[in-house]
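Okay, structure first, notes after.
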Amino acid sequence: MRKSIPFMQIRGGSSKGLFFNAADLPSDTTEKDHILLAAMCGLGPDDPRQIDGLGGADPLTSKVAVVSISERDDADVDYEFVQVVPGGERTDRTQNCGNILAGVVPFALETRMIPAGDHETVARVFMVNSSSICTVRIPTPGGQVTYAGDARIDGAPGTAAPVSCNYADITGSTCGSLFPTGNLIDTIDGVEVTCIDNGMPVVLLRASDLGKSGYEMPSELESDADLKERLEGIRLRVGNVMNLGNVRDKTVPKMTLISPPRANGLVSTRSFIPHRVHAAIGVLAAVTVATGCLIPGTIADSVVRMPAEQDSHRYVIEHPSGDVSVSLNLDTSGDVPLVLEAGIIRTARALSRGEVFLPEGV
Ligand code: NQM
């Protein structure tokens, strides 16, 4: 008999993916992944085009959210993020995704997991991958989800209703501490790097140290085989010291080239995630980059330009398709500023709803 599973496809920020209710999937991770790979790649998990499945053949469109009602006192829904690696025959949960997170509350409302507020809905999302909470606020006029609105984010076309995301407790989300190597700067293969995790494991590198301006387009960087080999060598070496183990098959750490801002930003970025170059930048990656740029003594010192309005706590990170603004609630009472909360505006849009047919035998 043909087997099918209900899903919604939602654009969250500058990514899109399939959203499932956890109750429709096996709880065993191996069985679940077998089904997710079949849904996204069909019979061809090794096919980077994902031609036999619903995956979008790009890291930013090959993503899955598994959502359920939370049993925790401090959360309304649980969100497990699964990266399906295009052509990699595998899934990866070592990272989170703040873009896909923007679709989680709309999905929970559309599937009636949680009730909508009269004007707006505020829901606490427990991020299973990093055991941290994000409070999400979306407009729900008349108790209905609406995707139309005036918010604009770079990396997605048009305007849409704002999805306001407020992250708490993300320091050391995956690596266990903000600077997992214990240093503000490490020298790996002759290149100075800062290894940092404030929501996403990131390695900051000065673009100029690698012979780049840092303003190249993603396609230009992706076609530079020498650069990619050098970055991968550094990534494999830092994985262990960042408490990530062997990262050969993992999508972290993200390798982020930084250079001085060209507009009104704190810094300009190009992010290898970790092999393709992001068309923009990930949400938690942007929060982590901003944090690294604000702490004196990292490799960002000679690159960043501090905003004139120091007390606004809004920091702009430039990326290949524009910029993203991150609000950081900082505790500056100690020697090193501590990020208590990070806020970011995203948008989302429901794209489709249906049943995904699994290949026979799955
Ligand atoms: O950093 C892509 C994305 C992401 C991750 C990636 C993200 C985040 O933009 O929170 O959103 O870095 O693989 O979807």
Check your understanding: Along the charge dipole of the stretch 244-336, which of 277, 325, 295 sits closest to the positive end, that is, farthest toward it, with unit charges on the beta carbon of Lys, Arg, Asp and Glu (+1, +1, -1, -1)?
Key -> 277
Check your understanding: Which aspartates and glutamates have a Cα less than 12 Å from the Cα of residue 16, not counting those fewer than 8 places away in the same chain?
Key -> 58
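Cα-Cα pairs above 33 Å in the chain: how many percent? Let's see the in-between values first.
Values: 16638 of 65341 pairs.
The proportion of pairs with Cα distances above 33 Å equals 25 percent.
Order 152, 124, 93 by their accessible area, 1.4 angstrom probe, all chains in place, largest first.
Details: 152 165, 124 80, 93 60 Å².
Order by accessible area, largest first: 152, 124, 93.
Roughly how many Å² is the accessible area per residue of the chain, as a whole number, for a 1.4 Å probe?
Working: 15020 Å² over 362 residues.
On a per-residue basis, 41 Å².
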Practice item. Take the stretch 231-362, compute every pairwise Cα distance, and split them into 5 Å bins from 0; I just need the percent in each bin. Key: 2, 9, 16, 18, 18, 14, 10, 6, 3, 2, 2, 1, 0
Check your understanding: Roughly how large, in nm² to one decimal, is the mean projection of the convex hull of the alpha-carbon atoms in the stretch 119-228?
Key -> 9.7 nm²
Exercise for review: Quote the accessible area belonging to residue 301 in square angstrom, nearest 10, computed with a 1.4 Å probe and with ligands, DNA and RNA left uncounted.
Suggested key: 80 Å²
Practice item. Consider just the alpha-carbon atoms of the stretch 41-110 and return their Rg together with their Dmax, both in angstrom. Key: 13.6, 42
Revision key, fill the gap. Counting only protein heavy atoms with a 1.4 Å probe and every protein chain in place, the carbon and sulfur fraction of the accessible surface of the chain in whole percent equals 48 percent
Check your understanding: What residues have an amide H closer than 5 Å to that of residue 174, excluding those fewer than 5 places away on the same chain, when H is modeled at 1.01 Å from N in the peptide plane?
Key -> 199
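Averaging over all projection directions, find the projected area of the Cα convex hull of the stretch 1-156 and quote it in nm² with one decimal place.
Numbers: hull surface 39.1 nm².
Averaged projected area of the stretch 1-156's Cα convex hull equals 9.8 nm².
Quick one: of the DSSP bridges fully inside the stretch 183-303, what percent are antiparallel, nearest 5? Walk me through the numbers on the way to the answer.
Values: 14 of 19 bridges.
The antiparallel fraction comes to roughly 75 percent.
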Check your understanding: Which whole-Hz couplings ³J(HN,Hα) result when phi for each residue of the stretch 161-176 is put into the Karplus expression 6.51 cos²θ - 1.76 cosθ + 1.60, θ = phi - 60°, listed in order with x for Gly and Pro?
Key -> 5, x, 10, 8, 10, 10, 9, 10, 6, 9, 4, x, 3, 10, 8, x
Revision key, fill the gap. Computed for the chain: size of charge dipole around the Cα centre, +1 on C-beta of each Lys and Arg, -1 on C-beta of each Asp and Glu, debye to nearest 20, value 560 debye
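Which order do the peptides 46-52, 27-33, 331-337 come out in when sorted by mean C-beta neighbours inside 10 angstrom, highest first?
Details: 46-52: 15.0, 27-33: 12.3, 331-337: 9.9.
Those peptides, ordered most packed to least, come out 46-52, 27-33, 331-337.
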Exercise for review: Relative to the longest principal axis of the C-alpha atoms of the chain, give the angle of the C-alpha long axis of helix 29-41, reported between 0 and 90° and rounded to the nearest 10°.
Suggested key: 90 degrees
Check your understanding: Using θ = phi - 60° and the Karplus form 6.51 cos²θ - 1.76 cosθ + 1.60, what ³J(HN,Hα) does each residue of the stretch 324-340 get, whole Hz, x for Gly and Pro?
Key -> 9, 9, 10, 9, 10, 8, 9, 9, 9, 6, x, 5, 10, x, 10, 8, 7
Practice item. Bin width 10 Å, alpha-carbon pairs only: give the P(r) of the stretch 1-85 as whole percents, running from 0 to the bin holding the largest distance. Key: 17, 49, 28, 5, 0
Review point. How long is the stretch 235-284 along each principal axis, judged by its Cα atoms, biggest number first, in Å?
Key: 38, 20, 16
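The values are calculated or read from the model by the stated rules, or taken from the named source; none is laboratory data. What you see is a predicted model; the values in this text were computed from it and never measured. Counting neighbours? That spans all protein chains shown, and the Cβs are built from the backbone with ideal geometry, glycine included. When the accessible area is computed, the model is the full protein with side chains, heavy atoms only, and any ligands, DNA or RNA have been set aside. Shrake-Rupley method; radii C 1.70, N 1.55, O 1.52, S 1.80 Å.
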